[in-house]
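All remarks here apply to the structure that follows.
The values are calculated or read from the model by the stated rules, or taken from the named source; none is laboratory data. The structure displayed is predicted, hence computed values, not measured ones. All Cβ positions, glycine included, derive from the backbone under ideal geometry; neighbour counts span all protein chains shown.
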Amino acid sequence: MKNPIIFGCQGLALTAYERSFFREFPPLGFILFKRNCSTKTQVISLVNSLREAVGEKVPILIDQEGGRVQRLSPPIWNIYPPAEVFGFIFNLDEVKARQLIKTNYQIIASELFELGINVNCAPVIDLIEKRGHPVIGDRALSSDPKTVGALGKEVVEGLASGGVSGVIKHIPGHGRAEVDSHKSLPTIDSCLDDLLSREFSPFIQLRLAAAAMTGHLLFTKLDPTHPVTFSNKIINDVIRNLIKFEGILLSDDLSMNALSGSIGDRYINALEAGCDVGLHCNGNVQEMELVAKACPAANNVAKSRIEVFLKKVADVSDSRDTFDIDELKVSLSEGLKGFFNFS
């Protein structure tokens, strides 16, 4: 089994050192960012190089949500509406919103599948909260937990229809965070009952998802000392036992400033707390070397979840639906009129 880490890379093509490093320390998969994506031919070549370096068809991840978070950008790729748009439509016509968001993510999946990318870090099923930091904002579907749960399921199904697996995020709920976890650690003082009725609800509704990504969040009433990614108490008591999420648990990016300690310590702390796989995104070779040196062996429970996840990713890719992508684009464009200009 590959090492329980997902790495980024530096640029549009692998350096000789990256190739050597990934052969010596093969990660479970890779994640791409805008810095890695220029043209279709280039991305396909990079994806092939990454898989050749580790010797098999490992998962290739990307954040292609739509709105502000799109690693594949125009004019080569389509620009998609932010998630909040579908929440607006849901309030007017639930059936229409369900169909439109599924179509939206079928189209996204078709773009990703063409490139060899088989995992999309979407949907965001955090809630829109009045005092929440705009780092989430319109990336969230709605302020209503039932709406978020319903539309989140359509996102997962739409991606799967196009051969791509989804990752729900940021478990157990980032909406109330008043600071950007990329920059500092958000503190959320809400009580368990309040969180259960709101933040946790969409994750309970999508508890059967294949993968989830943690939020780097300090829930003071649940664990006053450790952020979620480092909290054995929250991962076990809340995510596994209360939410009853059984899929693979990825940390959010270990390089984010919400976390403290060396990058190696962060990785160890995340896995010891109960994350199955760490996520290191920035492509910094020196940091990746430190992660490699710190890498513990996955325990048997984590290994089992990883194996199930890898099989699900392969099965989703193998069983993708066939559909007319041009017809889907026309349908999406017409359905979004008055809300978003998709063309």
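Would you say Ala273 is touching a helix residue (DSSP H, G or I) at 6+ places or on another chain (Cβ under 8 Å), crowded, with 18+ Cβ neighbours inside 10 Å and modelled with pLDDT under 95?
Numbers: touching a helix residue (DSSP H, G or I) at 6+ places or on another chain (Cβ under 8 Å): yes; crowded, with 18+ Cβ neighbours inside 10 Å: yes; modelled with pLDDT under 95: no.
No; evaluated as a whole, the condition is false for this residue.
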Does His226 count as surrounded by 15 or more Cβ atoms within 10 Å (Cβ to Cβ) and touching a strand residue (DSSP E or B) at 6+ places or on another chain (Cβ under 6 Å)?
-> no
Restricting attention to segment 303-313, does a residue exist that is touching a helix residue (DSSP H, G or I) at 6+ places or on another chain (Cβ under 6 Å) and of a type outside the set (Phe, Trp, Tyr)?
-> no
For segment 282-292, state whether one or more residues are over 20 Å from the mean Cα position of the chain (by Cα), within 29 Å of Val238 (Cα to Cα) and surrounded by 14 or more Cβ atoms within 10 Å (Cβ to Cβ).
-> yes
Considering segment 229-270 alone, what residues qualify as being under 18 Å from Lys293 (Cα atoms), crowded, with 21+ Cβ neighbours inside 10 Å and among the hydroxyl-bearing types (Ser, Thr, Tyr)?
-> Tyr267
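This table checks each residue for (1) closer than 30 Å to Glu24 by Cα; (2) modelled with pLDDT of 95 or more; (3) among the small types (Gly, Ala, Ser).
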{"residue": "Arg51", "(1), (2), (3)": "yes, yes, no"}
{"residue": "Gly55", "(1), (2), (3)": "yes, no, yes"}
{"residue": "Arg68", "(1), (2), (3)": "no, yes, no"}
{"residue": "Glu94", "(1), (2), (3)": "no, yes, no"}
{"residue": "Gln106", "(1), (2), (3)": "no, yes, no"}
Name the residues in segment 181-213 that are out of contact with any Lys or Arg (no Cβ under 8 Å at 6 or more places or on another chain) and either modelled with pLDDT under 95 or polar (S, T, N, Q) (or both), would you?
-> Ser181, Ser184, Thr187, Ser197
How many residues of segment 88-125 are under 17 Å from the mean Cα position of the chain (by Cα) and aromatic (Phe, Trp, Tyr)? The answer is 2
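Inside segment 53-86, can you point out the residues that are assigned to a helix (DSSP H, G or I), of a type in the set (Gly, Ala, Ser) and buried (at least 22 other Cβ atoms within 10 Å of the Cβ)?
Ala83, the sole residue that qualifies.
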So, first residue at pLDDT below 90 in segment 292-313, second residue hydrophobic (A, V, I, L, M, F, W, C) and part of a helix (DSSP H, G or I), Cβ within less than 8 Å, six or more apart or across chains; the pairs are Pro296/Ile268; Pro296/Leu271; Ala298/Leu271; Ala298/Ile306
Just one of (1) modelled with pLDDT of 95 or more; (2) assigned to a loop (DSSP other than H, G, I, E, B); (3) of a type in the set (A, V, I, L, M) trips up Met1, so point out which.
-> (1)
Look through Leu254, Leu279 and report the one residue that is under 17 Å from the mean Cα position of the chain (by Cα) and without any contact (Cβ under 8 Å) to a residue 40 or more places away in the chain.
-> Leu254
